[in-house]
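For reference, the structure discussed in these notes is given below.
Throughout, read-outs are computed from the coordinates displayed, never taken from laboratory work. Being a predicted model, the structure only gives us computed values, none of them experimental. Neighbour counts run over all protein chains shown; Cβ positions are idealised from the backbone, glycine included.
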Amino acid sequence: MIVAIDVAKEDFYAAIVNHKGQVLLIVKWIHPAESRTFLALVEHLGGPKRVEVVMEPSGVYGDAIRAALDRAGVAVFRVNPKRVHDAAEVFDGVPSLHDAKSATLIAKLHLGDISEPWPLEPEHQRRLAAVLRVLEVHEKEVGRNRNRLEGLLARHWPGASSIMSMDSATMLETLIEFGGPAALVEREDEARELMRRVGGNFLAQDKIDKLIESAHSSLGVPQLDEELELVSTIASECRRHQKAAKKARAKVEKLALLEGSATKAMAPVVGKATSAVLVAGVGCPTKYDCPASYVKALGLNLKEKSSGKSKGGLHITKRGPGIARLFLYLAVLRLIQRDRIVRAWYAKKVSRDAGRKQKALIALMRKLVSALWHVAHGAVFDSKKLFDVSRLKLAPTTDEVPQPST
């Protein structure tokens with residue numbers, strides 16, 4: 001017996017279907033008020049011995065029922081919601097889709113083997129996923145507050161962000177304390193001391209001098225007390241989320257190491273944080289059959305919508321965790337800086353695409369993900385294998401120049 005559930009926030013529908021595909025009954029209940037009654041119905045139909053439950057992964061609304069079924073020993077399967085949507089018109093010739101019809105379609109797709117087992121995640125994976133979401137929350141807030149600060153400084157202290165990044169702990173602590181250029185000029189010695197203390201050996205004296213000079217010569221709109229407080233408050237929030245993100249990143253790295261050797265193998269290529277985020281987001285690359293599957297899991301596979309003479313452009317699907325793509329994007333930027341082969345291909349691609357950098361960066365992300373799949377399976381990363389190096393016309397490095405025989 002198959003019980004196919006259409007998940008919603010409260011109004012759940014289930015189609016009870018036999019193995020011949022005949023719909024025996026459609027039931028509706030209110031979740032969670034009547035969910036125990038539904039579970040009793042599943043037990044009455046035969047429980048773990050006779051019943052298979054199949055449902056859509058509709059966010060988290062079905063997780064409570066799924067967990068209860070798992071505790072009862074009932075096998076649970078899932079069907080991709082896109083499959084259900086695409087099958088709507090095939091089922092009865094009508095493109096409409098409503099709850100009862102969706103439940104029936106889910107059952108039909110399960111009978112056609114268009115489903116997969118859906119056991120509950122192990123506790124370790126749940127911890128890793130939760131910490132990754134914590135990191136994502138803080139990273140997003142850092143980005144939002146950074147953008148707010150850049151807008152405010154463009155009004156009150158133009159040019160400051162070009163001297164010292166809004167991501168800089170030194171800049172944030174300076175804005176928290178002083179709020180703007182006027183207060184910094186009045187307390188210049190304190191400002192210099194604060195910047196030296198926060199920046200330490202990583203902050204050049206020249207950069208401090210330039211920021212102080214820009215405060216003296218600022219053409220910005222003079223700030224009211226309330227506007228000073230606004231800048232200081234936003235900078236404080238940005239710094240708070242920045243510190244929290246650092247702690248969450250360290251926790252993700254620690255938990256990801258328990259997933260196996262793939263995290264350590266990828267770390268020299270993209271960094272410990274990025275490799276940990278990738279493993280936390282979509283699992284270890286070794287669980288994927290081929291590089292294309294890994295690319296798809298990260299939402300970097302391409303989609304196109306064309307018909308007749310209308311040719312749509314290629315775009316990435318953006319499925320999967322956005323934070324994993326963000327960290328990959330940053331890893332690619334670092335790779336361009338340190339690898340001359342990657343840098344040469346990127347420059348040539350940008351030139352060929354009339355200066356459009358985004359397409360070249362996404363192409364590099366796709367190539368890097370495929371390379372990481374091989375690295376996780378034991379290969380050594382070599383950027384020469386990503387491109388046709390002969391077409392880049394690079395001058396040989398010292399170790400590549402043939403040495404004269406003696």
Checklist line | Count of residues meeting criterion [of a type outside the set (Lys, Arg) and farther than 17 Å from TRP118 by Cβ] in region 49-65 | finding: 0
Note to self: If HIS98 meets every condition in (1) loosely packed, with under 15 Cβ neighbours inside 10 Å; (2) within 25 Å of the chain's Cα centre (by Cα) apart from one, which number is that one?
What the structure shows: (2)
Notebook entry, point to check: How do the pairs read when you match residues in region 208-225 that are touching a residue at least 12 places away in the same chain (Cβ under 8 Å) with residues anywhere that are of a type in the set (Asp, Glu), using Cβ under 9 Å and keeping only pairs 6 or more apart or on different chains?
Noted result: ILE212/GLU188; ALA215/GLU188; HIS216/GLU188; VAL221/GLU227
Next item on the list: Only residues that are aliphatic (A, V, I, L, M), touching a residue at least 40 places away in the same chain (Cβ under 8 Å) and assigned to a loop (DSSP other than H, G, I, E, B): list them for region 107-151, please.
Entry: LEU120
Check: Do we have CYS290 as under 20 Å from VAL375 (Cα atoms), in contact with an Asp or Glu (Cβ under 8 Å, 6 or more places away or on another chain) and in contact (Cβ under 8 Å) with a residue 24 or more places away in the chain here?
Finding: no
Notebook entry, point to check: Within region 119-137, can one find any residue that is over 21 Å from the mean Cα position of the chain (by Cα) and buried (at least 17 other Cβ atoms within 10 Å of the Cβ)?
Noted result: no
Note to self: Looking at SER236, SER232 in this structure, which one is under 30 Å from VAL131 (Cα atoms), polar (S, T, N, Q), in contact (Cβ under 8 Å) with a residue 60 or more places away in the chain and in a helix (DSSP H, G or I)?
What the structure shows: SER236
Check: Only one of (1) closer than 21 Å to TRP118 by Cβ; (2) without any contact (Cβ under 8 Å) to a residue 24 or more places away in the chain; (3) in a helix (DSSP H, G or I) is not met by ALA68, so which one is it?
Finding: (2)
Next item on the list: Please go through region 244-275 and pick out each residue that is closer than 19 Å to ARG126 by Cα, without any contact (Cβ under 8 Å) to a residue 12 or more places away in the chain and among the aliphatic types (A, V, I, L, M).
Entry: ALA250
Checklist line | Residue among GLY21, GLY73, GLY46 that is exposed (fewer than 15 other Cβ atoms within 10 Å of the Cβ), over 20 Å from ILE114 (Cβ atoms) and touching a residue at least 40 places away in the same chain (Cβ under 8 Å) | finding: GLY46
Note to self: Being within 29 Å of ARG391 (Cβ to Cβ), within 14 Å of the chain's Cα centre (by Cα) and either in a strand (DSSP E or B) or aliphatic (A, V, I, L, M) (or both) is true for just one of LEU278, LEU364, LEU368, LEU330. Which residue is that?
What the structure shows: LEU330
Next item on the list: Within region 86-104, count every residue that is in contact (Cβ under 8 Å) with a residue 40 or more places away in the chain and touching a helix residue (DSSP H, G or I) at 6+ places or on another chain (Cβ under 8 Å).
Entry: 2
